[in-house]
Amino acid sequence: MGVERLGIALEPTADYERRADGSGGCEDARVTFVEPLQHYVMTYTALSANGPRIALAMSEDLLHWARIGLATFEPYECIDFVNVDNKDASVFPVAIPNHAGKLELALLHRPLFPGTLPEDLAGERGPRIVDREHESIWISYCPMPSANLAPHRPGLLNSHHRLASPVSPWERLKIGGGAPPIMTQHGWMILYHGVCNTAEPGSNACKLRYSAGVIVLSKEHPHEIRYRSVHPVMTPELPQELAGIVADVVFPTGIDRRDDLGSPNRFDVYYGMADDRIGVARLDVPDQLPSGAAADPPANECEALALKD
């Protein structure tokens, strides 16, 4: 498979994408065609002096992009999403029902609270306590904007719901979004990433490993998990995944259902290989979901979760 580079979609020029020293970033973009808007919507990480924040842009042709601005959030109980780092965002391609059944635009995101970075947790030994409120993928909603949404008027996200927390050893340090949600015969499928630490041979030092798993959400109630893979569906194995700018990483951010081949259960997954190259993998969705997959165990959302290696 060959590709041709046509240029840069976005580069850091807005205040919320730049730092005082001239650095900054427009990073980790996910793109979804949102049918009610008849536009492509890009969610990306804007890197400014305040840290990483979720930003949005829109396009009719994938070549010309208009910035919408930073995502804005209503507070949720004791959680202030606006003033913490946030990354790994993506939107659904259609309006979906929130917890009250109202059709709205939905955003997946992963706030990064102080102390929850993989580097902060990698040195912990044995079982660790997961703070489910502060180490989770969240889903938030806002009224569906009009197709002529002004670039300076992003929607206010509310109706927040904690979707998933780390539960398996391969994701014990962190989970976060990957490819945008896409509909399958079983419901909304999300490829997400999980981080664990692995021991360096002959050393007490630990390194981080980024793998990918699958979550399937209910079509009727997308805040409910129908299936979650106990084991990763992708782990770093190839030389290009094991060595690079950031070693030991597979990181999915794009997905394409191959309806053009008459294969609605086949998906091409585009992913980062050690932050150095772009890889493509094939994912075939089975006719029946495997049994025995663990979602979050039943518990009050405010309770902690003990996670063992």
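The values are calculated or read from the model by the stated rules, or taken from the named source; none is laboratory data. Note that the structure is a prediction, hence the values are computed from the model and not measured. Please note: Cβ atoms are built from the backbone with ideal geometry, for glycine as well, and neighbour counts cover all protein chains shown. These area figures cover heavy atoms from the full protein model, side chains too; ligands, DNA and RNA do not enter into them. Shrake-Rupley method; radii C 1.70, N 1.55, O 1.52, S 1.80 Å.
General remarks:
- All positions within region 17-64 that are in contact (Cβ under 8 Å) with a residue 24 or more places away in the chain, under 24 Å from Met144 (Cα atoms) and open to solvent by 20 Å² or more (accessible area, probe 1.4 Å): Asp28, Ala29, Val31, Phe33, Glu35, Pro36, Gln38, His39, Arg53, Leu56, Leu62, Leu63
- Residues considered: Tyr40, Tyr76, Tyr44. Of these, the only one that is closer than 19 Å to Met183 by Cα and aromatic (Phe, Trp, Tyr) is Tyr40.
- Failed item, numbered, when Asp85 is tested on (1) of a type in the set (Asp, Glu); (2) farther than 30 Å from Ala199 by Cβ; (3) modelled with pLDDT of 90 or more: (2)
- Any hit, region 147-155, residues being hydrophobic (A, V, I, L, M, F, W, C) and modelled with pLDDT of 70 or more: no
- Scanning region 31-57 for residues that are among the polar types (S, T, N, Q) and under 17 Å from the mean Cα position of the chain (by Cα) yields Thr32, Thr43, Thr45.
- Selected residue (criterion: farthest from Leu191 (Cα to Cα)) from residues of region 74-111 that are open to solvent by 20 Å² or more (accessible area, probe 1.4 Å), in a strand (DSSP E or B) and touching a Pro at 6+ places or on another chain (Cβ under 9 Å): Leu103
- A search for C-beta distances below 6 Å between a residue of region 165-183 that is in contact (Cβ under 8 Å) with a residue 60 or more places away in the chain and any residue that is of a type in the set (Asp, Glu) and crowded, with 23+ Cβ neighbours inside 10 Å, counting only pairs 6+ apart in sequence or on different chains, returns Ser165/Glu135; Gly176/Asp88; Gly177/Asp88.
- Taking region 170-191 as the range and being in a strand (DSSP E or B) and within 21 Å of Ala95 (Cα to Cα) as the test, the residues that pass are Gly177, Ile182, Met183, Thr184, Gly187, Trp188, Met189, Ile190, Leu191.
- Evaluation of Arg226 against the conditions (1) touching a His at 6+ places or on another chain (Cβ under 8 Å); (2) buried (at least 21 other Cβ atoms within 10 Å of the Cβ) shows that the sole unmet condition is (2).
- With respect to the conditions (1) touching a Phe, Trp or Tyr at 6+ places or on another chain (Cβ under 8 Å); (2) of a type outside the set (Lys, Arg); (3) part of a strand (DSSP E or B); (4) touching a residue at least 40 places away in the same chain (Cβ under 8 Å), Cys196 lacks only one, and its number is (4).
- Region 114-129 - residue that is assigned to a loop (DSSP other than H, G, I, E, B) and open to solvent by less than 20 Å² (accessible area, probe 1.4 Å) and, of those, nearest to Arg162 (Cα to Cα): Thr116
Let's see how each residue does on (1) open to solvent by 10 Å² or more (accessible area, probe 1.4 Å); (2) among the basic types (Lys, Arg); (3) at pLDDT below 95:
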{"position": "Leu173", "(1), (2), (3)": "no, no, yes"}
{"position": "Trp188", "(1), (2), (3)": "yes, no, no"}
{"position": "Tyr192", "(1), (2), (3)": "no, no, no"}
{"position": "Asn197", "(1), (2), (3)": "yes, no, yes"}
{"position": "Ser203", "(1), (2), (3)": "yes, no, yes"}
{"position": "Ser211", "(1), (2), (3)": "no, no, no"}
{"position": "Glu220", "(1), (2), (3)": "yes, no, yes"}
{"position": "Ile245", "(1), (2), (3)": "yes, no, yes"}
{"position": "Val250", "(1), (2), (3)": "no, no, no"}
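- Those strands (runs of 3 or more DSSP E) of region 201-261 in which at least 2 residues are closer than 17 Å to Ser136 by Cα and either within 17 Å of the chain's Cα centre (by Cα) or among the β-branched types (Val, Ile, Thr) (or both), considering only elements entirely within it, cover 206-217, 225-228.
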